[in-house]
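Q: The structure's right below; bear with me while I get my questions together.
Laboratory data are not the source of any read-out in this text; all were calculated from the coordinates shown. Keep in mind the model is a prediction, meaning the values are calculated, not measured. When we count neighbours, we look across all protein chains shown, and the Cβ atoms used for this are built from the backbone with ideal geometry, even at glycine.
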Amino acid sequence: MLRTRGLTRRFGGLVAVDHVDFELGGDELCSLIGPNGAGKTTFFNLLTGVLSPSDGAVELRSDDGDGWREVTGASPAETARMGVHRSYQITNVFPTVSVLENVRVAAQADADTGRRFHRNVGTFDEHYEEAYGILERVGLADRAHATAENLSHGAARQLEVAIALAGDPDVLLLDEPNAGVSSESVDQIVDLIEDVATDHAVLLVEHNMDIVMNVSDRVVVLDRGSVIADGPPEDVRNDEDVRQAYLGGYEREEEGTV
Amino acid sequence: MFLWFARRVSRVKRRWGVISTETVDRETAVDTDESWVREYARDHVAHLLVVAAFGVYPLLYSLLVALGGGVAGAFLPRPETMTAVFYFGLFAMSFDFISGYTGYLSFGHAAFYGTGGYFVVLVANGKVPLLPADTPFMVSMVLAGVLAALLAVVIGSVSFRLSGVYFAMITLGFAQVMYVFMRDWGFLSSNPRDGVAVSNDLHPAGFEIGIPGVDALNLAIGPLRGDEIEWLFLDLGATEVSYYMVGLVVLVCYFAMQRMVHSPFGRVLVAIRENEERARAVGYNTFRYKLGAFAASAFFAGVAGALFAGVRRSVSPDNSLYFLVSGDALLASIIGGFGTLAGPLYGWLFDRSVVEFLSKTGAGGGLLPLLREYLPGSVVEAQLVGGMTFGEGIEVFLNGHAPLYLGAVFVAFVVYVPGGLLGWVRNRLGGTVAKQLPAYLAKLRR
């Protein structure tokens, strides 16, 4: 679905993402983990075109099987139109319009009807239907007419995913969908992640190790910009480099509890 | 066609519960036993009421002034003022179309207003290549709008690389460059600093609004060269004819802009205002959308400028291109309601009414002449502090201080009515006036 070759991004002397070779399969749920400052968000920004790489390439393969297409340097709008959609770590929605409109306007972007300026928006039934279907899927249907900024934090996280889904993505990049969600509501979001992973390729950034180990098909660990481990959850859990990265010099004392 | 359209909309809304169950019941009744005319009329009852109110205003004004004399004249703006409210209101609406809906403050919007104004006057003076002096006003007005839109594409393609206060500043910069240039360009007239007037030799006829080429469907505007109509019991002078014809163009422009605001395109503009980063992330090329909106907005600003110059038969740098003209549009938008399309027109109406009410001469009368005329002598002579009489007091406080009081009103609006007049009304009704008014009226009837 999506792969990078030697992807590098430098900020002055700092190498935030360092020659990352990564590939995400068609119906895979891959988690990207790493300590704070490892370059996870920079990596996301490189994939979606918010930042352009200093070096290397991002490539995308669509379902129709016409091979890999290079998308390096495409703008965020272009990568979105090509099927790469993301959710944000910090809730980033359209605050003063309704929940339904948040999702509808994203569905409209995917259908490319935004340039129509002479017909009433109400005549485009299909966008309302699609938006409503997505709200039902993420469990926000009963809040469809609430103003987005009045949602609780947990519901706002669901909306965050709903907007990303409305673009009919091939690849879904979820940046900490659980950030700040209380422990009771986490299950709801986890169910949502597992649900969307059934029909999308998902790359998930997550800090909660229990969730990562439970839902992922594969785990990739990033540390100081480089991939230090890549494999099934069990293997990564026992990887010595990963322990080193997460626990620093304290691994001997912590050994018994981890 | 309308029936099909309205049913489609109500069907979708009903299914997704956009409207409450109570309204759904009424709408179901509409589908079965009411004609689409009535349904359409109800959807637009607010528009119809406003248009009707503006339609009868000049007649009502002359009637009330004839009956009530100075009192009615003091409180009601004159039809001349109302004509100015129309064309400047259109300019303020076009300003709000870009600034209120996309959130990009176009502080150099006067450039487009001035473009429209200068263009029609220069065409009438035969100074524009390929366009003869007798080009119909309707044609030169539309071309003025197109020219303004092209200018917007040029200015916008540079300015939209910036955002926030930098965008406001760079558009202001463009407008000021144009202001200085037009003020000193000798080609325009013998004294470009004072502006350009339509030459009475080259273009003696008034500017006509109507369908170009069909003489019977055109009426000239302007206080001196406007047409007059006598029809049945109606006797409309040049002022009233200008009022109606300018109002008609503004109405058409308003509906065109309203259509855009409620289209998928308009929703993208709101998405850009709300969160441009996310709008990009869901797949909109926001730069193009902003540029398109800017060009559309400039088109209507150009038309407004053309109407302004058409009524006055002249245009000057200071009343069309100067940055305070944009400032007035901002003022009208804030008083009327930022991000509501019709709001700026009401805002400017409010502003002009207050100015006229407090103005020192007020040809139609104002507060001061009213007090002078109606206060009994004993009150006027009454002593206040420091040996000043009440009569002297009102002269001191009212004579020529309209802008001062208006400033206070503006401050009060920003602090207490941040949504503006129309925003406040919407807040009270719980939705747009067009949507809520029918239900409200139905409740009153029961």
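Q: Give me the Kirkwood hydrodynamic radius of the protein assembly as shown in Å, from all C-alpha pairs, to one decimal place? Please report the intermediate quantities before stating the final value.
A: Working: mean 1/r = 0.0342 Å⁻¹.
29.2 Å is the Kirkwood radius here.
Q: Just need the Rg to Rh number for chain B, please, alpha carbons only, Kirkwood Rh. Let's see the in-between values first.
A: Details: Rg = 23.8 Å, Rh = 23.9 Å.
With Rh from the inverse mean 1/r over Cα pairs, Rg/Rh is 1.00.
Q: I've got another one for you. Per Stokes-Einstein, at 25 °C and 0.890 mPa s, what whole-number D in µm² s⁻¹ belongs to chain A, with the Kirkwood radius over Cα pairs as the hydrodynamic radius? Please list the in-between numbers first.
A: Working: Rh = 19.2 Å.
D, rounded to a whole number, is 128 µm²/s.
Q: Using 0.36 nm per residue of separation minus the Cα-Cα distance, give me the extension gain between B:Trp185 and B:Leu324 in nm, one decimal. Walk me through the numbers before you get to the answer.
A: On the way: separation 139, 0.36 × 139 = 50.04 nm, distance 2.09 nm.
Full extension of this stretch gives 48.0 nm more.
Q: While we're on this one: Nearest-5 percent of antiparallel DSSP beta bridges in the protein assembly as shown?
A: Numbers: 31 of 48 bridges.
Around 65 percent antiparallel, to the nearest 5.
Q: Could you order the peptides A:76-89, A:2-15 from most to least packed, using the average number of other C-beta atoms within 10 Å per residue? Walk me through the intermediate numbers first.
A: Values: A:76-89: 23.1, A:2-15: 15.6.
Ranking, from highest mean packing down: A:76-89, A:2-15.
Q: Moving on. Between B:Arg193 and A:Arg137, what is the spin-label point distance in nm, taking each point 7 Å from the Cα along the Cα→C-beta axis?
A: Calculated label separation equals 6.8 nm.
Q: For region A:89-168, place one equal point scatterer on every Cα, skip the solvent, and apply the Debye formula. What is log10 of I(q)/I(0) at q = 0.14, 0.16, 0.26 Å⁻¹?
A: For region A:89-168 at q = 0.14, 0.16, 0.26 Å⁻¹, log10 I(q)/I(0) is -0.40, -0.52, -1.25.
Q: Once fully extended, how much extra length lies between B:Met169 and B:Thr432, figured as 0.36 nm per residue of separation less the alpha-carbon to alpha-carbon distance?
A: 91.4 nm
Q: Let me ask you something else. For chain A, set up a Gaussian network in which alpha carbons nearer than 10 Å are linked by springs, and say which option among A:Glu194, A:Glu59, A:Glu184 fluctuates the most.
A: Result for chain A, Cα springs under 10 Å: A:Glu184 fluctuates most.
Q: In nm, give the distance between the simple-model label positions of B:Leu59 and B:Val252, each being 7 Å from the Cα along the Cα-to-Cβ direction.
A: Inter-label distance under the simple model: 2.3 nm.
Q: Let me ask something else. Sequence gap at least 6, Cα distance under 8 Å: using those rules, report the relative contact order of chain A to the nearest whole percent. Intermediate values should be presented prior to the final figure.
A: Values: 465 pairs, mean separation 68.6, N = 258.
Here the relative contact order equals 27 percent.
Q: How would you rank B:Met260, B:Met388, B:Met93, going from fewest to most other Cβ atoms within 10 Å of each one's own Cβ?
A: Fewest to most other Cβ atoms nearby, the residues stand as B:Met388, B:Met260, B:Met93.
Q: Considering Cα pairs under 8 angstrom that are at least six residues apart, work out the relative contact order of region A:1-119 and quote it in whole percent.
A: Values: 138 pairs, mean separation 25.5, N = 119.
Normalised by residue count, the contact order of region A:1-119 is 21 percent.
Q: Given springs between every Cα pair under 10 Å in a Gaussian network model of chain B, which of B:Ile272, B:Ile335, B:Ile229 has the largest fluctuation?
A: Fluctuation is largest for B:Ile229.
Q: Could you check the simple spin-label distance between B:Leu48 and A:Asp168, using points 7 Å along Cα→Cβ, in nm with one decimal?
A: 4.0
Q: Another question, then. Give me B:Leu269, B:Leu371, B:Leu398 ranked fewest to most by other Cβ atoms within 10 Å of their Cβ, as a rough exposure proxy. Could the numbers behind the result be given before it?
A: On the way: B:Leu269 28, B:Leu371 17, B:Leu398 20.
Exposure proxy ranking, most exposed first: B:Leu371, B:Leu398, B:Leu269.
Q: Also, I was wondering about something else. Helix A:183-197 versus the longest principal axis of chain A: what is the Cα-based angle in degrees, 0 to 90, to the nearest 10?
A: Value to nearest ten degrees: 80.
Q: Kindly put A:Tyr246, A:Tyr128, B:Tyr284, B:Tyr243 in sequence by how many other C-beta atoms sit within 10 Å of each C-beta, fewest to most.
A: Numbers: A:Tyr246 17, A:Tyr128 23, B:Tyr284 26, B:Tyr243 29.
Final ranking by Cβ density, sparse to dense: A:Tyr246, A:Tyr128, B:Tyr284, B:Tyr243.
Q: Let me ask something else about it. How many partner chain Cβ atoms sit within 10 Å of a residue's Cβ in peptide A:73-85, on average, as a whole number?
A: Details: counts 0, 0, 4, 10, 10, 3, 3, 6, 4, 1, 1, 2, 3.
Neighbouring Cβ atoms belonging to other protein chains average 4 per residue here.
Q: So which helices of chain B fit the span-like rule, where a helix is a whole DSSP H run, its Cα atoms reach 24 Å or more along the axis, and its mean Kyte-Doolittle is at least 1.6? Show your work: numbers first, answer last.
A: On the way: long enough: B:45-68 (30 Å, 2.02); B:79-102 (33 Å, 0.76); B:137-159 (32 Å, 2.41); B:164-184 (31 Å, 1.10); B:238-261 (34 Å, 1.25); B:286-312 (39 Å, 1.00).
Once both thresholds are applied, what remains is B:45-68, B:137-159.
Q: How much net charge surrounds B:Met82 when only other residues with a Cβ under 12 Å from its Cβ are counted (Lys, Arg +1; Asp, Glu -1)?
A: It works out to a net charge of -1.
Q: Take the Cα of A:His153, step 7 Å along the line toward its Cβ, and report every residue of region A:167-187 whose backbone nitrogen sits under 20 Å from that point.
A: A:174-187
Q: When only Cα pairs under 8 Å and 6 or more residues apart are kept, what is the percent relative contact order across chain B? Write down the numbers at each step before the final one.
A: On the way: 679 pairs, mean separation 108.1, N = 446.
Relative contact order here is 24 percent.
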